[in-house]
Amino acid sequence: MFDFARVNDDQKKAVTATDGPVLIIAGPGTGKTFTLVKRIAYLVLEKHVAPGEIMAVTFTEKAARELLTRISDEFLASGAQININEMYIGTFHAVCLRLLKENSEYADNDRPLRMMDAFEQIYLVCRNIDLFNSLPDFSRLISGKSRWKQAQEICRYVNQIMEELADVDALLSDADRDMQFLGKITVRYRELLERNGVMDFSSIQTRTYDMLKDHPAVLEKVQQSIRYIMVDEYQDTNYIQEQLVFLLAGDRKNICVVGDDD
């Protein structure tokens, strides 16, 4: 029998509700991570789900490391020999990057792309600010006084456009000049990334989404592989992350999300 030691009645409901969509409302100090760890252990030890069929995403590297450590400790305590590296556990970006690597022949790029962090992204735009400040309406819509501040604004705009899956062609053809400007800086930004052979955090998610949408065989393969999805801090998800979860869950809809009601 599965060991429910230290699991209260509400947590037990969350642990054992394994099939179909599950929403868990939990504030700080209520044992969210503890419950997720127990739920993963329950799936593997009681429901005999293969580790590679489980995906659990968090929002920070620190939280992902803590989750991995606690899952590892849980299985060690149970005496089970489980390879947790087979599980898809990490930040959204880390899981997307793994999916891209596992299906690299479908990832819509003909050369390896180097990953940029947030600082490198701003630095790249700053060094190439002339590509953007030559656009009409730049001085009217970008308020930063220095090249660095201008680069920060541009990155903030393009990140949000990509993360919300905005239709760039629709922006370009919009009657509103401000919308047209957002479309133009996004196009130039994408060209800049392509020319330099780099990829930013937002691009990881959009490339993964495009790969799954454009290649049904890949989507079906991933859906058959990943059968149970858990998302911590669900209130912090953006549009593309939510759509990725829905895509990966498919018809099973085995999505368990934990969110703060504040």
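The values are calculated or read from the model by the stated rules, or taken from the named source; none is laboratory data. Bear in mind that the values here come from a model prediction, so they are computed numbers and not experimental data. Because the Cβ atoms are built from the backbone with ideal geometry, glycine has one as well, and the counts that use them run over all protein chains shown. Only protein heavy atoms, including side chains, enter the accessible area calculation; ligands, DNA and RNA are left aside. Shrake-Rupley method; radii C 1.70, N 1.55, O 1.52, S 1.80 Å.
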Rounded to whole Å², per residue accessible area for the stretch 1-81 with a 1.4 Å probe reads 55 Å²
Any lysines whose Cα falls less than 20 Å from that of LYS213, other than same-chain ones fewer than 8 residues away, would be LYS101, LYS221, LYS253
Of the accessible area of the stretch 163-262, computed with a 1.4 Å probe and all protein chains kept, carbon and sulfur make up a percent value of 44 percent
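Show ILE24, ILE154 ordered by accessible area, largest first, where the area counts protein heavy atoms only and the probe is 1.4 Å.
ILE24, ILE154
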SASA check, THR60, accessible area w/ 1.4 Å probe, all protein chains in place, rounded to nearest 10 Å², comes out at 70 Å²
For LEU244 the rounded accessible area (nearest 10 Å², probe 1.4 Å, non-protein molecules ignored) is 10 Å²
Ordered by number, the GluC sites (Glu not before Pro) in the stretch 1-77 that occupy a DSSP loop and have at most 16 other Cβ atoms within 10 Å are GLU46
Magnitude of the Cβ-charge dipole (Lys and Arg +1, Asp and Glu -1) of the chain about the Cα centre, nearest 20 debye, reported as 540 debye
For ALA94 and GLN223, extending 7 Å from Cα along the Cα-Cβ vector and measuring point to point gives, in nm, a value of 2.7 nm
Expressed as a whole-number percentage, the relative contact order of the stretch 136-236 with C-alpha contacts under 8 angstrom and at least six residues apart is 21 percent
Expected max-MSF residue from ASP200, ASP167, ASP232 in the GNM of the chain (alpha carbon, under 10 Å) is ASP167
Reported to the nearest 10 Å², SER78 has, with a 1.4 Å probe, an accessible area equal to 60 Å²
In whole percent, the fraction of accessible protein surface over the stretch 1-91 that belongs to carbon or sulfur atoms, probe radius 1.4 Å, stands at 51 percent
The farthest towards the positive end of the charge dipole of the stretch 1-110, of the residues ALA80, SER104, ILE25, given +1 on Cβ of Lys and Arg and -1 on Cβ of Asp and Glu, is ILE25
The distance between the Cα centres of the stretch 27-106 and the stretch 204-235, in whole Å, is 16 Å
Between [x] 1, 5, 12, 15, 16, 14, 11, 9, 7, 5, 3, 1, 0, 0; [y] 1, 5, 8, 10, 9, 6, 5, 5, 6, 7, 7, 7, 5, 4, 3, 2, 2, 2, 1, 1, 1, 1, 1, 1, 1, 0, 0, 0, 0; [z] 1, 5, 10, 11, 12, 11, 9, 7, 6, 5, 4, 3, 2, 2, 2, 2, 2, 2, 1, 1, 1, 1, 1, 0, 0, 0, the structure-derived P(r) over Cα pairs in 5 Å bins from 0, in percent is [x]
The answer for trypsin sites (Lys or Arg not before Pro) in the stretch 87-167 that fall in a DSSP coil and have at most 13 neighbouring Cβ atoms within 10 Å is LYS145
